[in-house]
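The values are calculated or read from the model by the stated rules, or taken from the named source; none is laboratory data. A quick note: this is a predicted structure, and the numbers were derived from the prediction, not measured. Here the Cβ positions follow ideal geometry from the backbone for every residue, glycine too, while neighbour counts run over all protein chains shown. Surface areas here come from the heavy atoms of the whole protein model, side chains and all, with no ligands, DNA or RNA. Shrake-Rupley method; radii C 1.70, N 1.55, O 1.52, S 1.80 Å.
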Amino acid sequence: VQLQASGGGLVQAGGSLRLSCVASGRTFSTYNMGWLRQAPGKEREFVAAIRWSGGRTYYADSVKGRFTISRDNAKNTVYLQMNILKPEDTAVYYCAAQSYGTISSQDFQYDYWGQGTQVTVSS
């Protein structure tokens, strides 16, 4: 599966952005999907994940209550709605697909990755 992320940009603190990730192929609905991010000079970290059915979600504590992950299997798309953005949310955001198992926060469990989209939050 190939993943194409979009929707990043520059926003002021307190603002909102919605990221989208479109997947190629007909098996999107069988993959758990995740969003992970990497800030300059830092390791990649987990943001949010959603089960293949959309019936379960999982968030990092740092974004809980501010970010919402969702998916539309008919459109082969996963979204990340980001509200009340903070400067520390600045990073390249990656979408990723997981073929097996329960939804995960571990990046090594994701099999396919998109190219990333830059999110910059100014103070």
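Table for the structure above
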{"read-out": "Cross-link reach list, aspartates and glutamates versus residue 42, counting only Cα pairs under 20 Å and skipping chain neighbours closer than eight places", "value": "61, 88, 89, 107"}
{"read-out": "Net charge, residue 80 excluded, C-beta distance under 12 Å - Lys, Arg +1, Asp, Glu -1", "value": "+3"}
{"read-out": "Estimated D of the chain in µm² per second, where Rh is the Kirkwood radius over Cα pairs and Stokes-Einstein applies at 10 °C, 1.306 mPa s", "value": "113 µm²/s"}
{"read-out": "Other-chain or far-sequence residues with amide H under 5 Å of residue 116's (modelled H)", "value": "5, 95"}
{"read-out": "Centre separation in Å (Cα based) which lies between region 1-64 and region 80-118", "value": "4 Å"}
{"read-out": "Cβ-based net charge around residue 46, under 14 Å, with every Lys or Arg adding one and every Asp or Glu removing one", "value": "-1"}
{"read-out": "Assigned charges on the beta-carbon of Lys, Arg, Asp, Glu; the chain dipole about Cα centre (debye)", "value": "300 debye"}
{"read-out": "Solvent-accessible area, 1.4 Å probe, carbon plus sulfur percent, for the chain", "value": "47 percent"}
{"read-out": "Å² of accessible area per residue within the chain, as computed with a 1.4 Å probe and no ligands counted", "value": "52 Å²"}
{"read-out": "Neighbourhood net charge (14 Å Cβ-Cβ; Lys/Arg +1, Asp/Glu -1) for residue 29", "value": "+3"}
{"read-out": "Relative contact order (%) - the chain, alpha-carbon pairs under 8 angstrom, separation at least six", "value": "36 percent"}
